[in-house]
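Worksheet for the structure shown next.
Bear in mind these aren't lab numbers, they're just calculated from the coordinates by the rules spelled out. These numbers were taken from a predicted model, which means no experiment stands behind them. Every residue, glycine as well, gets a Cβ built from its backbone with ideal geometry; the counts of neighbours run over all protein chains shown.
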Amino acid sequence: MNNDVPRDEDLKAPPRLIEALRRASSERIFVPPAIDRTILKAVERQFSHSGRGRARRVWWWTRLAAASAVVVAFALVTSQWQRVAKGRFALEDVNHDGQIDILDAFALARQVKQGKPADKRLDLNGDGVVDEKDVATIAAQAVKLERGGRS
């Protein structure tokens with residue numbers, strides 16, 4: 001340990017300071033009611049102004065965040081509509097998310113299981129019916145790994 005740093009036991013206040021603090025803590029200080037009211041009114045004014053300002057800032061930021069969310073949602077929906085309108089989706093992209101993955105196989109499997117009429121073009125194996133075999137075809141395509149330049 002460093003001997004230059006005093007320990008709590010080594011710290012001693014001068015006796016006059018200790019006595020003055022004892023007297024001050026036992027004496028009751030009289031504050032006139034007029035001064036008390038003035039201080040309270042000043043505090044209320046300060047807090048009421050800062051409270052309204054903070055409420056305005058919160059309101060403004062909340063509205064800004066909501067407007068931003070609307071703009072982003074609009075942009076996403078618009079881009080999705082444009083893709084659909086341009087017919088960019090592959091036939092196997094059943095859920096139209098722009099990629100052929102296992103979720104497309106799952107979506108088709110759900111349609112087949114629920115008996116919903118699936119798009120007849122999804123008869124990928126050409127047997128005349130959209131069934132689990134077509135789901136398996138999409139699943140196989142989704143997990144197929146592309147080979148690099150080597151064979």
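A simple count of charges around residue 63, restricted to other residues whose Cβ falls under 13 Å of its Cβ and scoring Lys, Arg +1 and Asp, Glu -1, yields +2. The simple Förster model, with R0 at 30 Å and r as the Cβ-Cβ distance, assigns residue 44 and residue 22 a FRET efficiency of 0.25.
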